[in-house]
Every structure is written in C-alpha cells, then in structure tokens.
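The values are calculated or read from the model by the stated rules, or taken from the named source; none is laboratory data. No experiment lies behind these values; they were computed from the predicted model shown. Here the Cβ is made from the backbone with ideal geometry for all residues, glycine too, and neighbour counts use every protein chain on show. Heavy atoms of the whole protein, side chains included, go into the accessibility calculation; ligands, DNA and RNA do not. Shrake-Rupley method; radii C 1.70, N 1.55, O 1.52, S 1.80 Å.
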Amino acid sequence: MKQYIDEKAVSALSRGAMYLGSGGGGDVKLMELMAKRIIRENGPIPLMSPFRFPDEEWVIPVAIMGSTTIFSEQLPSGNELKKVVEDIEKEKNIAASGIAGLEIGGMNVISPVIAASLTNLPLIDADGMGRAFPELQMTTYHGFGIKASPAVISNHPNQTHLISSDENVEVEKQARHLVTKLGGWAAIACYPMQGWQIREVGILQTYTLTMRLGEAVSANTMDANDVMEKMQEVFQNSIYGKPVKLIEGKIVDLQREIIEGTLKGSLIVEGRGLYVGEYLSIFFHNEYLLVKKNDATLATVPDLICVLDEETGYPLYIEELENHLKVWVIAIPSPFLLQTSKMLDVVGPAQFGITENFIPVEERIKSHDNEG
C-alpha cells in the first residue's frame, strides 16, 4: 500500500473519485490543482491505515460544503480547512493526530488532503460515505453514533463559526443556513472522534482503493469498454461489489432543473447494440439515485450509479449530460456498511423520496434476468 500522497497520487485520487461521485460530488479539478501546489510546497502527506492509528488519538474529518459552482468562482486559499481543524481542537481541548474524509466521491476526496498538508498531520485511509451524498448526516459516522458537534465552518481564514447541537440533523441544518449566508460555500470540520471509533464507524481504506481505481483508468486511449474492464478488476477484491453494466445507448430525453439550489430531474437512455429496443430511466437529485427499465427497478441508492461517456469512459456529472450523447450506464454495489439497516435509515431510498425498499443491484439484476 502506498504510504504517502504525492502529486501523482493526487491525480489518481481525483480521477478515481469522479467514478465514486454517482454523478455528483463536484468537479475535482480545482481542488486537485490546489492540493498539488500545496504538496509541492510542503512535501508528500503520510497516508495512515486506520488499523495503525492509536486508539486514544483524535481524528478530525473535513470537507467543503455548498455550491460547487460558486466555489469555482470564489476559490479558497486552503487555509480555511486548516483553521476549522484548529478551532475544533480549541473547542474540545484536544490535539488532533490525523485528518479523515467525510466523503470519497467528487471534490471532497481532496479537501482532507489539503487539510492534512497544512496541519502537518497524516491522512487516515477512511471516509464516512464511500461515495458522495448531499447532507452532513448522511455518513456512517452519524449512522453509528458519532456526534457531528462541535462543528466549525469558515470560508475565510480569519472568521469561523461554531455549531453546537446534540442532534446531527440540526448541525446539518445550521451549517447549510450559515453556508448560504457566507455566500454559497464553506470549509467544515465535524465528527471529531478517536482512533478506536473511526475503525468501528468509518468506511475503511477508501483512499487506497480510490487511488488504485484512478491509476487503473488513467490511460488516455480508453473507451467505456476498457474502463469497465479495469473497474471490474479493481473492485473485484474490495469492500465494493463488482460493477455491472445496465445498458449502452444514447440519451434521448433529459429533464433537469434547479430546485432550492439542488439539481433534480431524469434522463432516458435508448439502448443500442445488444440493448436495442430497451429504454432505461435514471432519476437524480444532485446524484443519480434510481434506475428503472420499464416498471422494473434495476438499481437504487446507496448503490452507486455511473453514466460513462462511451468514447472516453469518462464519468459524466449530472451537469455535463446532453441529449444524443452516447453513454454506458453502470452500477457499482455499495460497501456492505451502507447496506446495513442502520445506514439504510440514513441513506436508503426512503431518505430521497423513493418509495421502495433497497435491494442490492446484484440481486435485482439476477431477478430481472430470470424474469426475462
């Protein structure tokens, strides 16, 4: 296992995280450039296995909250991430010994890298989502009993805001309100915990896996078929299941609108080749959440749904979708921790307004094939 993160590893992380964002999570590129600059100045960052991290030492997870569009227009310095960590240390009267991630999909794969570099702390090989989700409480940290409070947010190194509440959903609500007042984005540190806790509640070794994925799909000559083969190899022996192809075809209908600052809508893919005559509907709310073929459901959150550009194998963000684009739709079985009853109460279909129970995509596909 790679024991440090250098500029090359940041490139691999960025690419891998795009496939784990399920269509959301924000564009990684700006954060990638910032992390490379900081690593160039400060040197590589130790990547520490959670199994080697001392039981009683403290870990502080960090992320960027808010609009990724506004974020790209008002770039941070990176010191905001350092400041929110320092303020939690002061509030709890602790000294952090490691930084962790909130989510591994999209741009927030990189924010803990920046925080670790600027605080001169190791990055713990773990996160709380195993993908991207839109809200702070949608983490295994919350699902298995860690308090989000005290939480600190900031979009300027000289000004921070403390949030204290016994209810994690209330922390999310207050943080979201503050982010809006601050102009649309902010750095956040929350869920401070000890080493023994992150081993129990975190999704472990996701940074290692994301780097492996990014390295595997880095060739410029790849198409969707090549990428799918590489992804199946990487995920074969991992906490995720083996990706499955749901359809290849072209987008023939796209309905997308911004409602209360979030992207909601659907797209329809008309099958080609072996899938001619088939139509797949994908529904999204910031991330891809549900795939249906006719009236049959093929995949739902928390399993990951990914739309690949057929020519490049590149995973398409919801904002990048266009009519007539040739695509593959694939599903990646989520880590088992997300499929437990406790976590389905937090990130299952019902939390996104989907009125059916979660069934793992592997079971749904097998059942659909048997019926067909």
Any residue in segment 270-294 that is at positive phi sitting within a Cβ distance under 9 Å of a residue that is among the hydrophobic types (A, V, I, L, M, F, W, C)? List the pairs, counting only those 6 or more apart or interchain. ASN286/ALA132; ASN286/PHE133; ASN286/LEU263; ASN286/ILE318
GLU167, sole failed condition from (1) surrounded by fewer than 20 Cβ atoms within 10 Å (Cβ to Cβ); (2) within 26 Å of GLU319 (Cβ to Cβ): (2)
Residues of segment 86-124 satisfying the condition of being closer than 19 Å to GLY43 by Cβ, of a type outside the set (S, T, N, Q) and crowded, with 24+ Cβ neighbours inside 10 Å: GLY98, ILE99, ILE110, PRO112, VAL113, ILE114, ALA115, ALA116, ILE124
Test: residue in segment 21-37 that is among the polar types (S, T, N, Q), within 19 Å of GLY202 (Cβ to Cβ) and either within 19 Å of the chain's Cα centre (by Cα) or open to solvent by less than 20 Å² (accessible area, probe 1.4 Å) (or both): no
Looking only at segment 126-159, how many residues end up being more than 14 Å from MET343 (Cα to Cα) and over 14 Å from the mean Cα position of the chain (by Cα)? 13
I'm checking my understanding of the structure. Among residues of segment 323-347 that are part of a loop (DSSP other than H, G, I, E, B) and closer than 27 Å to ILE251 by Cα, which one is most open to solvent (accessible area, probe 1.4 Å)? HIS324
Residue check for ALA350: among the small types (Gly, Ala, Ser) and assigned to a helix (DSSP H, G or I): yes
Please work out if PHE284 is among the hydrophobic types (A, V, I, L, M, F, W, C), open to solvent by 30 Å² or more (accessible area, probe 1.4 Å) and under 19 Å from the mean Cα position of the chain (by Cα). no
In the set ASN370, ASN286, which member is modelled with pLDDT under 95 and over 23 Å from LEU274 (Cα atoms)? ASN286
In segment 115-202, which strands (runs of 3 or more DSSP E) lie fully inside it and hold 2 or more residues that are without any contact (Cβ under 8 Å) to a residue 60 or more places away in the chain? 159-163
Looking only at segment 1-54, which residues are under 27 Å from PRO134 (Cβ atoms) and out of contact with any helix residue (DSSP H, G or I) (no Cβ under 8 Å at 6 or more places or on another chain)? SER22, LEU33
Against the condition within 30 Å of GLU200 (Cβ to Cβ) and either touching a residue at least 12 places away in the same chain (Cβ under 8 Å) or touching a helix residue (DSSP H, G or I) at 6+ places or on another chain (Cβ under 8 Å) (or both), how does ILE305 come out, does it pass? yes
Only residues that are on the phi < 0 side of the Ramachandran plot and in contact with a helix residue (DSSP H, G or I) (Cβ under 9 Å, 6 or more places away or on another chain): list them for segment 250-266, please. ARG256, LEU263
Among the residues that make up segment 190-197, is at least one of them out of contact with any strand residue (DSSP E or B) (no Cβ under 9 Å at 6 or more places or on another chain), surrounded by fewer than 20 Cβ atoms within 10 Å (Cβ to Cβ) and modelled with pLDDT of 95 or more? yes
Which numbered condition in (1) under 29 Å from ILE239 (Cβ atoms); (2) modelled with pLDDT under 95; (3) open to solvent by 40 Å² or more (accessible area, probe 1.4 Å) is the only one that ARG52 fails? (2)
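Yes or no, residue by residue, for (1) among the charged types (D, E, K, R); (2) modelled with pLDDT of 95 or more:
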| residue | (1), (2) |
| --- | --- |
| ALA115 | no, yes |
| THR119 | no, yes |
| ILE124 | no, yes |
| PHE133 | no, yes |
| THR139 | no, yes |
| ILE146 | no, yes |
| THR160 | no, no |
| SER165 | no, yes |
| GLU170 | yes, yes |
Just to check your reading of the model, which residue among GLY98, GLY43, GLY66 is within 22 Å of the chain's Cα centre (by Cα) and farther than 17 Å from GLY202 by Cβ? GLY66
For segment 249-260, enumerate the residues that are surrounded by 13 or more Cβ atoms within 10 Å (Cβ to Cβ) and under 24 Å from the mean Cα position of the chain (by Cα). LEU254, ARG256
